[in-house]
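Trainee: Next up is a structure, given as structure tokens.
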Amino acid sequence: MRSSLNINVNGLLLLLCGVNLAGTLGYKPVIIVHGLFDGPKQFLMMSRLIQEAHPGTNVSVIDLYDNMASLKPLWVQVQGFKELLYPIMQEAENGIHLICFSQGGLICRGLLSTLPDHNVQSFISLSSPQAGQYGDTDILKMFFPHYLKARVFHVCYSSVGQKWSICNFWNDPHQRERFLKSSNYLALLNGERPHREMTEWRKNFLRINKLVLIGGPDDGVITPWESSHFGFYDINETIVEMKNQEWYGRDSFGLKTLHARGDLAVYVLSGVKHGYWHSNETVFRGCIEEWLT
Ligand SMILES: *[C@@H]1O[C@H](CO)[C@@H](O)[C@H](O)[C@H]1NC(C)=O
Ligand SMILES: *[C@@H]1O[C@H](CO)[C@@H](O)[C@H](O)[C@H]1NC(C)=O
Ligand SMILES: *[C@@H]1O[C@H](CO)[C@@H](O)[C@H](O)[C@H]1NC(C)=O
């Protein structure tokens, strides 16, 4: 598949990871940011696995905008998470690691782009629709029971729609102009709609040392699933992979630079449904050393 990227599939992943590089300096705190309609409860297993692999690590799942509150506009959530995370960062001399699930991965990007002195080392994006979402999943049907995905843009690309988190990353490939004009979040983060802060945001984002993208074809919610690796549909709903995205070519938010620096790792894992990423031991077990040192 995408051979020029560092892709590890299933068993191979376990072979490549698992070399214990942890120093004697102690482990950096790990902060977990949850996704849509969930909260800290869902991450107990992941926290336990990290603590087993790296005893003494302070793992915190941020208890904010849980469940229904996760529908709040993403910029509002970014601000809230920032207020809780910033003091933790300031306490952590050697920096922290961020694991961000699903919608949380977009919140983390917002945070990393707009916080000029963050000290996040690894940013683990766990099945997160980084290039947007365009799919009739159950979640969508819950909110727009009478809408087909092709009509959701009527709601989402309006000032009212943009007050909901899911509309902030709704990316209808057949409505490019409306997306570019109305998206107050994803189009700005990706630099698809140019803005004054772009250079600054890119510089902030590039303070991370490692970006790990994890996702897979059996996810069932993230649509297209390639969005977890920055791939997305073109107007014909054919996948355009990350490297061929216009904003990658322009390096508008630093992705190309991260890749060139060797600081981007992409994992494609099959057999994992969306709700199981954080409870699947195989996904995490061998890789904690690789990701969280
Ligand atoms: C772990 O981190 C949290 C903040 O995320 C802090 O409140 C707590 O005191 C820390 N615990 C230890 C044992 O350092
Ligand atoms: C989409 O499909 C149409 C019809 O097959 C084709 O003419 C057009 O070039 C395609 N566009 C892209 C971006 O691939
Ligand atoms: C856990 O992950 C492995 C590796 O990707 C996968 O084969 C397996 O089906 C997953 N199990 C569940 C319950 O998600």
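Each value in this text was obtained by applying a stated rule to the coordinates, not by laboratory testing. Nothing here was measured: the structure is a model prediction, and the numbers come from that model. Heads up, the Cβs are rebuilt from the backbone with ideal geometry, glycines too, and the neighbour counts pull from every protein chain shown.
Trainee: Near the amide H of ILE99, under 5 Å away, which other amide H atoms are found, from residues 5 or more places off or on another chain, if H is placed in the peptide plane?
Mentor: ILE31, ILE32, VAL33, ILE124
Trainee: From the backbone phi of region 47-54, what are the Karplus-calculated ³J(HN,Hα) couplings (6.51 cos²θ - 1.76 cosθ + 1.60, θ = phi - 60°) in whole Hz, Gly and Pro given as x?
Mentor: 4, 5, 4, 5, 5, 5, 6, 10
Trainee: Once you have the Cα-Cα distance between GLN90 and LEU44, take 0.36 nm times their residue separation minus that, and quote the gain in nm to one decimal.
Mentor: Extra length from GLN90 to LEU44 when fully extended: 14.1 nm.
Trainee: When only alpha-carbon atoms count, how far does region 190-293 stretch along each of its three principal axes, as whole angstroms with the largest first?
Mentor: Cα extents, longest axis first: 42, 40, 20 Å.
Trainee: Pairs of alpha-carbon atoms within less than 8 angstrom and 6+ residues apart define the contacts here; what relative contact order does region 25-292 have, in percent?
Mentor: Normalised by residue count, the contact order of region 25-292 is 21 percent.
Trainee: Could you tell me how many degrees, from 0 to 90 and to the nearest 10, lie between the Cα long axis of helix 103-114 and the main elongation axis, the longest principal axis, of the Cα atoms of the chain?
Mentor: With rounding to tens, the tilt is 80 degrees.
Trainee: Helix-derived [θ] at 222 nm for the chain: sum -39500 (n - 2.57) over DSSP H runs of at least 4, divide by residue count, nearest 500?
Mentor: Working: 14 runs with 98 residues, N = 293.
The helix contribution divided over the chain gives -8500 deg cm²/dmol.
Trainee: Would you mind checking which residues have amide H under 5 Å from LEU264's amide H? H placed 1.01 Å from N; only 5 or more apart, or other chain.
Mentor: Those lying under 5 Å, H to H, from LEU264 are LEU211.
Trainee: Modelling each spin label as a point 7 Å along the Cα-to-Cβ direction, I'd like the GLU200/ARG151 distance in nm, to one decimal.
Mentor: 4.2 nm
Trainee: Kindly put LYS28, LYS149 in sequence by how many other C-beta atoms sit within 10 Å of each C-beta, fewest to most.
Mentor: LYS149, LYS28
Trainee: Next question. Using a Förster radius of 30 Å, what is the FRET efficiency between LEU180 and ASP66 based on their Cβ-Cβ separation? Nearest 0.05, please.
Mentor: Values: r = 32 Å, r/R0 = 1.06.
In this case the efficiency is close to 0.40.
Trainee: Would you mind checking LYS163/LYS210; LYS41/LYS72; LYS82/LYS163; LYS41/LYS149; LYS149/LYS273 for any pair whose Cα atoms are more than 23 angstrom apart?
Mentor: Exceeds cut-off: LYS163/LYS210; LYS41/LYS149.
Trainee: Turning to a different aspect of this structure: Given a Förster distance of 35 Å, report the FRET efficiency between ARG285 and THR238 from their Cβ-Cβ distance, rounded to the nearest 0.05.
Mentor: Details: r = 35 Å, r/R0 = 1.00.
Plugging the Cβ-Cβ distance into 1/(1 + (r/R0)^6) gives 0.50.
Trainee: Next question. Residue by residue, what Karplus-based ³J(HN,Hα) values in Hz, rounded to whole numbers, does region 195-211 have, using 6.51, -1.76 and 1.60 with θ = phi - 60° and x for Gly and Pro?
Mentor: 8, 5, 7, 3, 5, 5, 4, 5, 4, 5, 4, 6, 6, 5, 9, 7, 10
Trainee: Okay, moving on. Restricting to the chain, what percent of DSSP beta bridges are antiparallel, rounded to 5?
Mentor: DSSP beta bridges in the chain are roughly 5 percent antiparallel.
Trainee: In addition: For LYS243, list the aspartates and glutamates whose Cα falls under 17 Å from its own Cα; do not include residues on the same chain fewer than 8 positions away.
Mentor: GLU192, GLU226, ASP234, ASP251, ASP263
Trainee: Report the FRET efficiency, 1/(1 + (r/R0)^6), for VAL160 and LYS82, where r is their Cβ-Cβ distance and R0 is 22 Å, rounded to 0.05.
Mentor: 0.30
Trainee: Over all directions, how big on average is the projection of the convex hull of the alpha-carbon atoms in region 25-292, in square nanometres? All intermediate terms of the calculation are to be shown ahead of the outcome.
Mentor: Values: hull surface 51.8 nm².
About 13.0 nm², averaged over all directions.
Trainee: Distance between the C-alpha centers of region 262-279 and region 76-130? Whole Å please.
Mentor: Measuring centre to centre over Cα atoms gives 19 Å.
Trainee: Using the Karplus curve 6.51 cos²θ - 1.76 cosθ + 1.60 with θ = phi - 60°, work out ³J(HN,Hα) for each residue of region 267-282 in order, rounded to whole Hz, and write x for Gly and Pro.
Mentor: Couplings: 10, 10, 10, 9, x, 10, 7, 3, x, 10, 4, 7, 10, 8, 4, 4 Hz.
Trainee: Would you order TRP247, TRP277, TRP170 from fewest to most other beta-carbon atoms within 10 Å of each residue's own beta-carbon?
Mentor: TRP247, TRP277, TRP170
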